[in-house]
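The values are calculated or read from the model by the stated rules, or taken from the named source; none is laboratory data. From a predicted model like this one, the values you see are computed outputs, not experimental measurements. Every residue, glycine among them, receives a Cβ derived from its backbone with ideal geometry; neighbour counts consider all protein chains shown.
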Amino acid sequence: MSGINTIQELQKRFKPEAARNVSATYLFAVRGQGGSMVLTKINDGQVTFEDVSNDTNANGKADCVISVNHDDLQQILEGNMSAMTAALSGVLAIEGELGLAMQLVPIFFDGQALM
């Protein structure tokens with residue numbers, strides 16, 4: 001996978017059945033070359049994505065902010081590193097409710113082995 005489009009990749013991976021009863025707004029802050037800021041709104045099995053890279057107030061619009069370097073996100077999406085390992089090792093930073101961030105694993109990253 002050379003260079004990722006965060007929105008396209010998340011849309012492809014979204015599992016509506018895992019997002020039932022979830023209502024939260026997340027900000028994926030992808031740092032580095034090819035980085036972006038993606039506001040992700042999940043509401044009971046539905047999802048919308050908005051590129052907010054030029055919005056200086058984007059952090060205030062999210063219940064949970066997930067910050068990760070572009071290359072590290074690519075490793076997670078390719079299955080070379082689990083989202084849980086990335087969070088525990090500090091590769092992926094979480095601001096806000098940890099419980100909300102944990103809900104994202106089955107929604108976008110299920111099937112990854114915990115390393």
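Details
- Residue in segment 54-63 that is without any contact (Cβ under 8 Å) to a residue 24 or more places away in the chain, part of a loop (DSSP other than H, G, I, E, B) and β-branched (Val, Ile, Thr) present: yes
- Of all the numbered requirements in (1) in contact with a strand residue (DSSP E or B) (Cβ under 7 Å, 6 or more places away or on another chain); (2) surrounded by 12 or more Cβ atoms within 10 Å (Cβ to Cβ), residue 48 misses one, and that requirement is (2).
- Annotation note: of 73, 77, 104, 100, the sole residue that is at pLDDT below 90 and not polar (S, T, N, Q) is 77.
- For segment 24-39, the criterion of being surrounded by fewer than 19 Cβ atoms within 10 Å (Cβ to Cβ), over 12 Å from the mean Cα position of the chain (by Cα) and at pLDDT 95 or above is satisfied by no residue at all.
- Residue within segment 21-29 that is assigned to a loop (DSSP other than H, G, I, E, B) and over 19 Å from residue 97 (Cβ atoms) present: no
- All of (1) of a type in the set (A, V, I, L, M); (2) closer than 22 Å to residue 22 by Cα; (3) under 14 Å from the mean Cα position of the chain (by Cα) hold for residue 76 with one exception: (2).
- Residues in segment 64-115 that are surrounded by fewer than 16 Cβ atoms within 10 Å (Cβ to Cβ), touching a residue at least 40 places away in the same chain (Cβ under 8 Å) and not in a loop (DSSP other than H, G, I, E, B): 106 only.
- Positions within segment 72-103 being under 19 Å from residue 5 (Cβ atoms) and not acidic (Asp, Glu), in sequence order: 73, 74, 75, 76, 77, 79, 80, 83, 92
- Residue check: residue 34 meets all listed conditions (1) small (Gly, Ala, Ser); (2) part of a loop (DSSP other than H, G, I, E, B); (3) in contact with a strand residue (DSSP E or B) (Cβ under 6 Å, 6 or more places away or on another chain) but one, namely (3).
- Residues that are buried (at least 16 other Cβ atoms within 10 Å of the Cβ) and of a type outside the set (Val, Ile, Thr) within segment 10-23 comprise 10, 14, 18, 19, listed in sequence order.
- For segment 54-76, a tally of residues being more than 18 Å from residue 94 (Cα to Cα) and not acidic (Asp, Glu) returns 2.
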